[in-house]
Amino acid sequence: MSASAPGRKIFVGSLPSAIDDATLRTEFTKYGQVEDIYIKPNCDPTRQWAFVTFATTEQAQLAKESCDRVLTLPGAAGPCDVMLAKNQGMFGQEPLGGGGPAASTAPKKIFVGSLPDGIQEAPLRAEFGKYGTIEEVFLKQGCESGRQWAFITYVTHEEANYACESTNGLIQFQGAARPCEVTLARNQGMFGQSPLGNEASQAHAAGGVRYADPGAGTTASPSVAAPRKCFVGSLPDWITEDMLRAEFSRFGEIVEVFIKQGCEPGRQWAFVTYASHAEAQLAKESCDRILTFPNWDRPCEVTLARNQGMFGQESLNGGGRSAPAPAKTGTVAGAAGDGPRKIFVGSLPDGVSENDLRAEFSRYGHVIDVFLKAGSHSGRHWSFVTFATPEQASQAKTATDRVLTFPGSLQPCEVMLAKNQGMFGQSPIGGGGAAQPAA
């Protein structure tokens, strides 16, 4: 196994101060062969963290899915935060993908939304200083009421990532109407105007957003193709355009609303297109899993639409050329532009069957294949479910991740877009070449 193999290292936060190598090995060897453990020395109390490196990517993924916000070690104040480490070299200094920029380019700035009107820098430093050393706080001036936001920059990427995982949707400042949305800022320069990677050609991948550009009064050029359209799922069957406009116009100027006709009961969705990417991003961050329409039984899923043309047919990085919607065929597409149609479902109960999975996930679209891993250990069953379109897979992920619990299971399922999209997961997303076997 090459040292540069992607995704074999996990970050484990919220550890007890007295954690040791033996305790971590005992716990995480349940999920695979542990090759290395690095425990960060001299952490402040309640902020202890470690890296655990597995022999394969699949083992690291399984550990993440099984333990994140679930595993609580003796002496800890709460469950651990477990995620794939953004940087995979020794002590985390080698970025995923290798051969790229040094770890100093890894994002260290976070975006904090849904702050109360009138908030000052001091309470932000007091709260977010718990997760690392803060270099800078930028509090956006002149925000509309209810739409206050800020950037907070840490010394290291690990601290920024830890803050996101620990606070997103969990902390709420006095006077705020809802919990904060906390994400890694898409643009990492001063005032957010420099995109990740510092290359103009990557603007679409970084979002192209200028959260605060004091010298500019215009939005990004349309040719940058920064996403301005939101997908809104789990809408009530009786939703109207007026209802959507009334709710989502709070976050910016709406250019278009498209409500899908002929949806099955309980599966209504829509596209909402804004005048700028920043408005779409704010709507997503403010509403996803938070907004619930009157007389409806669950919150909406709100994501940036994967396809940005009229009715969603133009892909994000289509270079300005309209791309047709993916065909609903029975084979797994190999073209890089098709988008992921396969989801990974973890934490399944013993005895779950293919029929159980089809019955549940067919609510979100046409299921063309179910692969249920044979020979899994008790409590560690998992599956791949492949849909006819990327939109169906994305909706299934958004609607069920950490929400769906099968009978006989002790915890909700973890549902994500599968990293590899070929048969049995051996062909990577966007591979475009020969299939790559699992590490």
Legend entry - Meets criteria (open to solvent by 20 Å² or more (accessible area, probe 1.4 Å) and out of contact with any Ser or Thr (no Cβ under 9 Å at 6 or more places or on another chain)) for Leu244: no
Inset, instruction - Quick one: Phe387 ticks every box in (1) more than 24 Å from Ile290 (Cβ to Cβ); (2) open to solvent by 10 Å² or more (accessible area, probe 1.4 Å); (3) hydrophobic (A, V, I, L, M, F, W, C) except a single one, so which number is it? - result: (2)
Legend entry - Residue list for the range 411-428, restricted to those being in a loop (DSSP other than H, G, I, E, B), surrounded by fewer than 16 Cβ atoms within 10 Å (Cβ to Cβ) and modelled with pLDDT under 80: Gln426
Inset, instruction - Note down all Cβ pairs under 7 Å where the first residue falls in the range 145-157 and is aromatic (Phe, Trp, Tyr) and at pLDDT 90 or above, the second is assigned to a strand (DSSP E or B) and open to solvent by 40 Å² or more (accessible area, probe 1.4 Å), and they're at least six residues apart or on different chains. - result: Phe151/Phe138; Tyr154/Glu135
Inset, instruction - Restrict the check to the range 431-439 and report whether at least one residue is of a type in the set (Gly, Ala, Ser), surrounded by 14 or more Cβ atoms within 10 Å (Cβ to Cβ) and modelled with pLDDT of 80 or more. - result: no
Inset, instruction - Give me a count of the residues in the range 81-131 that are basic (Lys, Arg), modelled with pLDDT of 85 or more and within 21 Å of the chain's Cα centre (by Cα). - result: 2
Inset, instruction - Kindly provide the set of residues from the range 117-159 that are open to solvent by less than 10 Å² (accessible area, probe 1.4 Å) and out of contact with any helix residue (DSSP H, G or I) (no Cβ under 9 Å at 6 or more places or on another chain), ordered by number. - result: Leu124
Inset, instruction - Looking only at the range 267-277, count how many residues are over 12 Å from Arg228 (Cα atoms) and in contact with an Asp or Glu (Cβ under 7 Å, 6 or more places away or on another chain). - result: 1
Legend entry - Per-region count, the range 262-281, residues under 13 Å from Phe248 (Cα atoms), open to solvent by 20 Å² or more (accessible area, probe 1.4 Å) and among the aliphatic types (A, V, I, L, M): 1
Inset, instruction - Tell me which residues, restricted to the range 347-378, are polar (S, T, N, Q) and within 19 Å of Pro390 (Cβ to Cβ). - result: Ser362
Inset, instruction - Could you grab the pairs with beta carbons closer than 7 Å, sequence gap of 6+ or different chains, first residue in the range 232-258 and closer than 20 Å to Ala177 by Cβ, second one hydroxyl-bearing (Ser, Thr, Tyr)? - result: Phe251/Ser286; Gly252/Tyr274; Gly252/Ser276
Inset, instruction - Could you list all residues from the range 351-384 that are of a type in the set (Asp, Glu) and either open to solvent by less than 20 Å² (accessible area, probe 1.4 Å) or in a helix (DSSP H, G or I) (or both)? - result: Glu354, Asp356, Glu360
Inset, instruction - Give the range 159-172 a look and list any residue that's modelled with pLDDT under 85 and acidic (Asp, Glu), or say none. - result: Glu165
Inset, instruction - Can you work out which of the residues in the range 24-55 that are part of a strand (DSSP E or B) and open to solvent by 70 Å² or more (accessible area, probe 1.4 Å) is farthest from Gly13 (Cα to Cα)? - result: Glu35
Legend entry - Residue in the range 335-350 that is most open to solvent (accessible area, probe 1.4 Å), counting only those that are of a type in the set (A, V, I, L, M, F, W, C) and modelled with pLDDT of 85 or more: Phe344
Legend entry - Residues being of a type in the set (S, T, N, Q) and more than 17 Å from Trp269 (Cα to Cα) - total across the range 381-400: 2
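The values are calculated or read from the model by the stated rules, or taken from the named source; none is laboratory data. Treat the numbers as computed from the prediction; the structure is a model and nothing was measured. Glycine gets a Cβ as well: all are built from the backbone with ideal geometry, and neighbour counts include every protein chain shown. When the accessible area is computed, the model is the full protein with side chains, heavy atoms only, and any ligands, DNA or RNA have been set aside. Shrake-Rupley method; radii C 1.70, N 1.55, O 1.52, S 1.80 Å.
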